[in-house]
Amino acid sequence: MSARSADAGETEAGAATEVEAGTEVEVVLVKAGRTKIRYPSALLADDGARLTVRAPWAAEGVRDFGFVRFEPGDVFTEHYWRDRWYAVKEVRAGDGTLKGWYCDVTRPAVVAADGAEVLVEDLDLDLWVSADGTEVLRLDEDEFAASGLAASDPEAAEHAVRALDELTALGRDGLVSLLHD
């Protein structure tokens, strides 16, 4: 099932799929119609609207963004919404030290009918919020502009821009409150 084949957060049958805590869920991140990465995660919670999973850094080696390094041993607590156009990932070093929050602008998450997979379509826009909240960085706006989404799917592009604006405001006001609502 593609992220576009179902309404936000619903299965093809139309009913929201709620997954039981403790279940292993595979996260599938799609970008421009191709699978960018897929990885196993442990489900922490699912209230029918927000799904929270935990997973170790899933990519190969180190990814140094200049403002943060993601590396083996890092642990991501990832929050996906079936009704919001973003995902928020709390990033901690292997020793538990909070690095910050990496936020992806995405289409609403789609959970497979069997609950074994969460599909997330990345829309290029990202936000970084440092652990102390002093850095709130909007990322990849050039990639988003070059993606052609504004021409091919203007409604989705509008949702994406609004989601980045919302995340930016939340980042400045304390992103943590979003995760505890």
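Taking segment 28-67 and a reference point 7 angstrom along Cα→Cβ of Glu18, the backbone N atoms nearer than 20 Å belong to 42-54.
Between exposed chymotrypsin sites (Phe, Trp or Tyr not before Pro) in the chain, where DSSP calls loop and at most 15 other Cβ atoms lie within 10 Å, what's the longest gap? Mind dumping the intermediate values first?
On the way: sites that count: Phe65, Phe67.
Maximal segment without exposed cleavage sites: 68-181.
Between Asp95 and Arg162, the C-beta separation translates, for a Förster distance of 30 Å, into a calculated FRET efficiency of about 0.25.
Taking only the C-alpha atoms of segment 76-181, the Rg (one decimal) and the largest Cα-Cα distance, Dmax (whole number), read 14.1, 45 Å. Using a simple spin-label model with pseudo-atoms 7 Å out from Cα toward Cβ, Glu26 and Glu71 lie 3.0 nm apart. Applying 1/(1 + (r/R0)^6) with R0 = 30 Å to the Cβ-Cβ distance of Asp64 and Tyr39 gives a FRET efficiency near 0.90. DSSP bridge analysis restricted to the chain gives an antiparallel fraction near 90%, rounded to the nearest 5. Comparing Gly171, Val62, Val105 along the charge dipole axis of the chain, the residue lying farthest to the positive side is Val62, per the Cβ-charge model.
If you look at the Cα atoms of the chain, you get an Rg and a Dmax of 15.5, 45 Å.
Only the coordinates and a few stated rules stand behind these numbers; no lab work does. Not measured: the values here are computed from a predicted model. Every residue, glycine among them, receives a Cβ derived from its backbone with ideal geometry; neighbour counts consider all protein chains shown.
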